[in-house]
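Coordinate-derived values only; no laboratory data. These numbers were taken from a predicted model, which means no experiment stands behind them. Backbone-built Cβ (ideal geometry, glycine too); neighbour counts: all protein chains shown.
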């Protein structure tokens, strides 16, 4: 039995869709009704990292699990304790590329480093997936693209080797279902660094209408992010943007094509496949 977490998020939902239908899989979700794309054989259970009993039930009989956490705090520790207690053998953990950047010391990166250390010390086998920024982050522009034909972002000329979430999901499925991935840490990027201004131009071409890119200053970005996130997370995201401006997120990695036997997906293809989100309704 393999357990999937994060099944309603950007990566987890793609893992659910790609998981082989002939393998036994259980899906843990706070709201099982939001899980989509699972095979008819999948077992979907309700649970939460803050509920130890629900974790124990979900992990019963599980040999490998895909671990996704998003709340800064102790969710990883709770999950790892429960997994060790029931004898889980292998954990595939969604982390972040920034953990290996010596210049990254923001709240989110420190949290992910601590989570990796926790897993490595657990005694279980582990695989770490360290993606660069997701191409799907561009969905944050969808409302302004539809209503105002504009993309607003910081540092429009700074490159990011962002990765298609579907590639991350394909790697996760391989790590969960194949031998040979234990003790490995995979940095996952797209095939080329791309700027927000270039993404805007590609979206405009695909939509067949002009789009304008507007550069946000630090104070404007802080105000916009502050409507969605608490202060500490806002400052972490702003620190990440500064590192991108310095070129820290432009480096490409060959892991995705090496593991999947095909090129990594590019932003143009991702945007084409999600164009409905940016089209006028």
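Take the Cα of residue 251, go 7 Å toward its beta carbon, and the backbone nitrogen atoms of segment 92-121 under 13 Å from that spot belong to 97-104. Working note: Cα atoms of segment 1-65, range along each principal axis, descending, whole Å: 28, 23, 17.
Summarised as an ellipsoid, segment 143-228 has semi-axes of 33, 17, 12 Å, derived from the eigenvalues of the Cα gyration tensor scaled by 5 and square-rooted, with the largest first. For the chain, the longest principal axis of the C-alpha atoms and the axis of helix 165-177 are separated by about 20°.
Relative contact order, whole percent, for the chain stands at 18, derived from Cα pairs under 8 Å and 6 or more residues apart.
In terms of packing, defined here as the mean over residues of other Cβ atoms within 10 angstrom, the peptides 257-270, 46-59 line up highest first as 46-59, 257-270. Packing, as the average of other Cβ atoms within 10 Å across residues, places the peptides 80-92, 110-122 in the order 80-92, 110-122, highest first.
Pairwise Cα separations in segment 100-170 fall into 5 Å bins from 0 onward with the following percentages, short to long: 3, 12, 15, 18, 21, 13, 8, 6, 3, 1, 0. Evaluated at q = 0.12, 0.14, 0.15 Å⁻¹, the base-10 log of the normalised Debye intensity for segment 1-134, with identical point scatterers placed on the Cα atoms, takes the values -0.44, -0.60, -0.69.
How would you classify segment 159-281 from its alpha-carbon gyration tensor, with a ≥ b ≥ c the square roots of the eigenvalues: rounded for a/c under 1.5, else prolate if a/b is greater than b/c, otherwise oblate? Oblate shape, in that a/c is at least 1.5 and b/c is the bigger or equal ratio. Placing a pseudo-label 7 Å from each Cα along the Cα-to-Cβ vector at residue 77 and residue 279 gives an inter-label distance of 4.8 nm.
Placing R0 at 35 angstrom, the Cβ-Cβ distance between residue 228 and residue 22 gives a FRET efficiency of 0.30 after rounding to 0.05.
Using C-alpha pairs under 8 Å with a sequence gap of at least 6, the mean separation divided by the residue count of segment 10-122 gives a relative contact order of 19 percent. Here each label is just a point 7 Å from Cα along the line to Cβ, and for residue 142 and residue 215 those points are 2.9 nm apart.
Peptide packing: for 214-226, 133-145, the average count of neighbouring Cβ atoms within 10 Å per residue gives the ranking 133-145, 214-226, highest mean first. The calculated Kirkwood hydrodynamic radius for the chain is 19.7 Å, given to one decimal from all distinct C-alpha pairs.
The radius of gyration of the Cα set in segment 178-240, together with its Dmax, comes out at 17.6, 48 angstrom.
Hey, how many Å between the Cα centroid of segment 84-157 and the Cα centroid of segment 15-39? For segment 84-157 versus segment 15-39, the Cα centre distance is 21 Å. Please give the helix 107-120 orientation as an angle from the longest Cα principal axis of the chain, in degrees from 0 to 90, rounded to the nearest 10. Orientation of helix 107-120: about 30 degrees from the principal axis. Distance between the 7 Å Cα→Cβ label points at residue 262 and residue 238: 4.1 nm.
Taken along its principal axes, the alpha carbon cloud of segment 215-277 reaches lengths of 42, 31, 22 Å, longest axis first.
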